[in-house]
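> Attaching a single structure in structure tokens format; questions to follow.
Since every read-out is calculated from the coordinates, none of them should be taken as a lab result. Just so you know, these numbers come straight off a predicted model, no measurement behind them. All Cβ positions, glycine included, derive from the backbone under ideal geometry; neighbour counts span all protein chains shown.
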4 protein chains.
Amino acid sequence: MVPAYPPAQRRLKLGFVGGGRGALVGHWHAAGVRLSNRWDIVAGALSSRPDVAMASGKDWLLAEERTYDDFRKMAEVEAAREDGIDAVAICTPNGHHAAAAEAFMEAGIDIICDKPMTATMDDARKLVALHDKSDLFFGVTYTYAFHAMVRQAKAMVAAGKVGKLRQAHIEYVQDWAAGAQEKETKQSGWRRDPSQAGRGSVTGDIGTHAFHMLHYVLDEPISEVSTRFHVCGGAAAMEDTAFMQLKFGSGAPGTLWCTQAAPGNACGLRMRIYGDGGGIEWDQEFPDLLHYTPLNGATQTISRGFGAGMMPEAERMVRLPRGHNEGVPDAWCNLYIELAVAIEARRSGTTLAPNMVDIPTVMDGARGVYFVDAAADSHEADGAWMPSWYDG
Amino acid sequence: MVPAYPPAQRRLKLGFVGGGRGALVGHWHAAGVRLSNRWDIVAGALSSRPDVAMASGKDWLLAEERTYDDFRKMAEVEAAREDGIDAVAICTPNGHHAAAAEAFMEAGIDIICDKPMTATMDDARKLVALHDKSDLFFGVTYTYAFHAMVRQAKAMVAAGKVGKLRQAHIEYVQDWAAGAQEKETKQSGWRRDPSQAGRGSVTGDIGTHAFHMLHYVLDEPISEVSTRFHVCGGAAAMEDTAFMQLKFGSGAPGTLWCTQAAPGNACGLRMRIYGDGGGIEWDQEFPDLLHYTPLNGATQTISRGFGAGMMPEAERMVRLPRGHNEGVPDAWCNLYIELAVAIEARRSGTTLAPNMVDIPTVMDGARGVYFVDAAADSHEADGAWMPSWYDG
Amino acid sequence: MVPAYPPAQRRLKLGFVGGGRGALVGHWHAAGVRLSNRWDIVAGALSSRPDVAMASGKDWLLAEERTYDDFRKMAEVEAAREDGIDAVAICTPNGHHAAAAEAFMEAGIDIICDKPMTATMDDARKLVALHDKSDLFFGVTYTYAFHAMVRQAKAMVAAGKVGKLRQAHIEYVQDWAAGAQEKETKQSGWRRDPSQAGRGSVTGDIGTHAFHMLHYVLDEPISEVSTRFHVCGGAAAMEDTAFMQLKFGSGAPGTLWCTQAAPGNACGLRMRIYGDGGGIEWDQEFPDLLHYTPLNGATQTISRGFGAGMMPEAERMVRLPRGHNEGVPDAWCNLYIELAVAIEARRSGTTLAPNMVDIPTVMDGARGVYFVDAAADSHEADGAWMPSWYDG
Amino acid sequence: MVPAYPPAQRRLKLGFVGGGRGALVGHWHAAGVRLSNRWDIVAGALSSRPDVAMASGKDWLLAEERTYDDFRKMAEVEAAREDGIDAVAICTPNGHHAAAAEAFMEAGIDIICDKPMTATMDDARKLVALHDKSDLFFGVTYTYAFHAMVRQAKAMVAAGKVGKLRQAHIEYVQDWAAGAQEKETKQSGWRRDPSQAGRGSVTGDIGTHAFHMLHYVLDEPISEVSTRFHVCGGAAAMEDTAFMQLKFGSGAPGTLWCTQAAPGNACGLRMRIYGDGGGIEWDQEFPDLLHYTPLNGATQTISRGFGAGMMPEAERMVRLPRGHNEGVPDAWCNLYIELAVAIEARRSGTTLAPNMVDIPTVMDGARGVYFVDAAADSHEADGAWMPSWYDG
């Protein structure tokens, strides 16, 4: 039995670090937060530049007194308030996630951290250790995994619909870095700066999404990786393209390709899973559809909605009827619903049913960072196999 | 020049009539309201049954004192409050829209009314007349028209991309009423009850969306209609299917087909416009894509995002980058942003730039009802042409 | 049980009337003939203009002595030859089909006649009567019905996969007549000349294909039609667009839309069939795929090949493995295989198994012409219902 | 200027070695041969088993005296006949191509050889050397490259539409070997037997198609390959799956994935080419469509036909109007037309315009075999880079 989400008794209070003017991802978090109707955004250190922080707070209609320009101060003040935030969403550039997470954990505030969790494994290990010592909640926002039909894919795999895994492929294909150098430089910003992005530029930015989705859906480690990086857009200090081969825990092979330089592709996160019992295919640009072919059968297009092939784990996420497109904000909403359920439970001391939520943990966050490092190590060794699974 | 939407200075206060437990459409309004971050939902008469009203108010985390079970009382109390609602969203079954709109207009509260605006032309005329005498805002939620790529279609037509209109076709194809009678009876509820649905069951429910989208995008009256109704699902008191032929103001012909009994179709609202300069095709189930073929050229797929064929009128609506699917909640969000901009302007006495918003008016609402009647008249006359455009 | 086609013992000998230089359809017949490997093209009166006839015969590598410029002479000479043709393929403009068919029937030669069979019902009745008095074979080339997946659709309908028919829709949408008048005039030729095209221009040219496909697949008469014609391309003497409503023999309703003036559509013959047990959709531009949705189930894409949902009646037509696209020449090949099987059986006095071939008859040809007339009659009566089914 | 193909003056005479009962590929050759109307199939050693050879000859309606059970005898007898064959099509299992080609070259007969040209590089080198010493024509049937829209892709690349190549990807994905072992064993036959298939099972069977298509369209060597083989279907002696990374002559990187064990994929040969000026995507299962995205522009779907974005090199291949699907038999037809043009020219001593035909040569055949070996070498070295381009 798959339980329904418990209804909200109140809206939790959320603060943001990063995500203000000029940042994309803050708006995406906020969209999911708002759609979920389980949170109020009440505080923020939306930028490290005071003027941008203030202007962004105004954009978001935050109270002035809860618009901060220093996340440490925010942690301190919010922890002290009677009506202080229940959780913080960390959306800064990758290199600053760890310090922010540390500050809020120390203040006893639950953590919602964007991916990749940190820019270095040192930082990742530190967060895992800190979390181990606390009783706080720590979730990482691999949000594409919260499209209802990705949950459907995971449930179908778990139910044996594809049989024994024989190979799996994932790609994440974009085009914003294709073409002239100038455009890329302007858009890529810190994504091509090793001091902020860590060791993997395209890998940290989008490859880590692909890595997470695959092991999350398959519920299987990705044990080893063989990688070669490339620059396929304008001249850049760091790679915009990676070709990878994977070994899963069960021994099955796979591939992962990510690029930001393939004209005609906007957000092509596409997953293909093949077993001895069938195949599953999913494309993020058409998120409400999942294609399933039982071995030697006709291909079925399962469409998000009630019944007609839906698994209960995914049906539970359905809000709009079939054919009424749910998109990226809805994936964020699905995630922020489960976050609210989990954080409310922790704070109220309630025990959740075992399969009530399925949120990437601090360990999953560390795995993503470890994978970025493993890919970079492999690239530096011209594609030699490297262990790519972190287990603490 | 297409101006950007003015930033919000505050969140407007919104109340709901109808839309509580067991009703679909209230949740859709609420999704757009929340995503827009320009409104707080603070009051509601979410059902006419007191117990359902209270339970629904709790679901929505409304304050108890602002959870009403009588919309007239709500209008009166909210109008008297210092912090009373700025506008009301009316989402009851169609037959109750008029009374609610009347009550809130009398209380001086701006109106956001679901479609079809009323169940009868008498009611529609009454609302038009009431609105004429007031200075209130009155908008009707033909929400599919607020998908960014529908705005794109409208802008392309206006810019002459299809040339002179030669024919246009629209269909709205669903399947929830296909098959056994019992299922239909349970789902269709008031939609097949003439006392609540007015004279057009499928026409009022979905045909009116198709009618609105076509004249909205073409910016051209639909002057005459020839209709035949059918029951293609279970036995039903009212039609679930309508075949129509249309005459546009310019003389061009068209068709409209709507049905709720076509297995394999969930929400297939599909529009095809052909002129002597090109063709445009759009499908609601893939709302971020618009297909444009210039005469004798290759077909272009224009994808919601910045640049790459986007018209400024549609680009203004873009929040997520290309490839990051925006769905039905985003269309509702687009609508509730324009509603907030328009209502804030009215209340603050600001004059908006002429093309700042493009929201269906009370007159458009009346046109939708008039069309439902015209279709029913034509059906009763075995498909004879009937005038189908209301101009007051 | 569905029998396999009997293997060919020899290649039958085929002659052509019409189809030479400047004519499209002759090449399509010839493609199917050649692919089938059951025929040799040995004679032809490929044009009524002697120079074109000779040049066309040379193009086709016909023997000079069997290249005719007069079909009556061809009928006479070929009938007299020891090695004369077994059958004639008639591909002239529509208005000339009847005279040619008459001549070859009188010469005792089997008839393969392009559609529409004749330009007038008088001619159609004459051919039916002539055929009744003979023991000759007479087939009409509604070739789209010979895509393997159309046969699949027919077999699925017959097997009850869609249940009781509730509505059916077909459209045939092209764009060659869109835009400037000059282009149309050059391309449309006799298609817009009532003296050659009969009473229905677009109806005779492509509407008749749609009409045939629908009653063929459903195995149900189309009893009545309500039609309005339009000119949606350049100024033209005859319609390029028709909007129709249909009544099937069982009482179910349907629509038929055909146009040659919809920019972005090349050969969009699309069929949608809905019953109380499921729905079937097929699009000629993707002929190897058929979409089937059982009531309340997931949509299945059945792909031409062996197994995986294929019905034996369609599987029998499969030559290439799944995914190796079969196109329009293959539909012609399927047709010419069944023609060869039927004509060989007639000439050798063999009795075929009852479901060995399923070829449109002279009566089906007359039905197509009758439908064109009925549509024109209805148009002239502003869409009044007209009987549209001919039964002799 | 792109010249039209010269009209046929006669049909050339063709013999077959292999391709009889139980073999797929012979029928495909024959389909193209017949459709082209430039050849008569007059002789064959359709199997090495005399009974199968005779039965197959009867299936094909060959004269008994020209139905052989020994290709050497066939070469000898046909070379001696006044009306002997102009060319031979070799469709045996791969391991027998070389001996047959040798025998017919020695008899002075032009060679049309299926791919991969040979099972070993020794054999490939021998054929190259033999051909160098002769004045015979030698073509290799990489037929997918003869879809009109692949020619279109090649012409667009040559015209600079994608700019400088930055990355390219190709995959060939099938599913016939997925699932239970028994099924695979029955179907795979010699494809998994190293003594007949050479060193690459899936690579020789389908990977070599992908390799050819990519270098043919890009007109650029594939210099190095890094490969790992896998068995993803039933247990098998040889690989059914290969993951490859590629280096092009210009230094751009690429990938090639081929598998016969991915449920839901029938013949998914898909090519994606990205440069600094745009991207091209093509899928063999929808062969008439090519997707082209100019940098920062909307994606165009170019559809096979006249005008609307077609390049003259591809337009020359068009027989059916746009939207009238051309499939795999038409690709074979395109190839056999160019083969007839080239062979007729050689035999008549005519010099063809330089870009009249574009047929894979014996050297291209050798390159395909070399690539199979290079892939196997790399696999044996756990993915180490191996030189993969043969230049004699």
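> Mean-square fluctuation check for chain C, GNM, Cα pairs under 10 Å: which of C:344, C:315, C:220 is largest?
C:220
> Let me ask another. So how many Lys-Lys pairs in chain D land under 20 Å Cα to Cα, not counting same-chain pairs under 8 apart?
So the count of such lysine pairs works out to 7.
> Right, something else. Checking the a/c ratio against 1.5 first, then a/b against b/c, what shape does the Cα gyration tensor give for chain B? Please list the in-between numbers first.
Details: a/c = 1.60, a/b = 1.18, b/c = 1.36.
Judged from the Cα gyration tensor, chain B comes out oblate (a/c at least 1.5, b/c at or above a/b).
> State whether the range A:1-153 is rounded, prolate or oblate according to the following rule on the C-alpha gyration tensor (a ≥ b ≥ c being the square roots of its eigenvalues): a/c under 1.5 gives rounded; otherwise a/b larger than b/c gives prolate, and the remaining case gives oblate.
Numbers: a/c = 1.38, a/b = 1.17, b/c = 1.17.
Verdict is rounded for the range A:1-153.
> Going 7 Å from Cα along the Cα-Cβ axis for the label, what nanometre distances separate residue A:22 from the same residue across the other copies?
Ordered by distance, the counterparts are at 5.4, 7.0, 7.3 nm.
> Considering only the label points, 7 Å along Cα→Cβ from Cα, what distances in nm to one decimal separate residue D:250 from the same position in each other copy, shortest first?
4.1, 4.4, 5.8
> Measuring nothing but label to label, 7 Å from Cα along Cα→Cβ, what are residue B:321's distances to the other copies in nm, shortest first?
Result for residue B:321, in nm, nearest copy first: 3.6, 4.1, 4.4.
> Using a 10 angstrom cutoff on alpha carbons, build the Gaussian network for chain B and name the most mobile of B:75, B:148, B:266.
Of the options given, B:266 has the highest mean-square fluctuation.
> Which chain B residue hugs the B-C rotation axis most tightly by its Cβ, and what is that distance in angstrom, to the nearest whole number?
Minimum Cβ distance to the axis, with residue: B:383, 3.
> What is the local net charge at residue B:86, summed over the other residues whose Cβ is closer than 15 Å to its Cβ (Lys, Arg +1; Asp, Glu -1)?
On the way: positive: B:10, B:11, B:13, B:38, B:66, B:81, B:346, B:347; negative: B:40, B:78, B:82, B:83, B:110, B:135, B:338, B:344.
Net charge in that neighbourhood comes out at 0.
> For the protein assembly as shown, what is the mean residue ellipticity at 222 nm derived from helices alone (per DSSP H run of n ≥ 4: -39500 (n - 2.57); sum divided by total residues; nearest 500 deg cm²/dmol)?
Values: 48 runs with 532 residues, N = 1568.
Calculated from helices alone, the mean residue ellipticity at 222 nm is -10500 deg cm²/dmol.
> So in the protein assembly as shown, what percent of DSSP beta bridges are antiparallel if you round to the nearest 5? All intermediate terms of the calculation are to be shown ahead of the outcome.
On the way: 163 of 259 bridges.
Close to 65 percent.
> Among A:120, A:255, A:351, whose mean-square fluctuation peaks in a Gaussian network model of chain A (Cα, cutoff 10 Å)?
Maximum among the listed residues: A:351.
> Now for a separate question. Any idea how far the Cα center of the range D:325-392 sits from the one of the range A:343-378, in Å?
Taking the Cα centre of the range A:343-378 as reference, the centre of the range D:325-392 is 52 Å away.
> Let me ask something else. In whole angstrom, how long is each semi-axis of the equivalent ellipsoid of the protein assembly as shown, when you take the square root of 5 times every eigenvalue of its Cα gyration tensor and sort them from largest down? Write out the running numbers ahead of the final one.
Numbers: eigenvalues 654, 389, 131 Å².
The three semi-axes for the protein assembly as shown are 57, 44, 26 Å.
> Once you sort the root eigenvalues of the Cα gyration tensor of the range B:253-392 as a ≥ b ≥ c, which label holds: rounded (a/c under 1.5), prolate (a/b larger than b/c) or oblate (the other case)? Each step should come with its number before you reach the end.
Details: a/c = 1.77, a/b = 1.14, b/c = 1.56.
Note, shape of the range B:253-392 comes out oblate.
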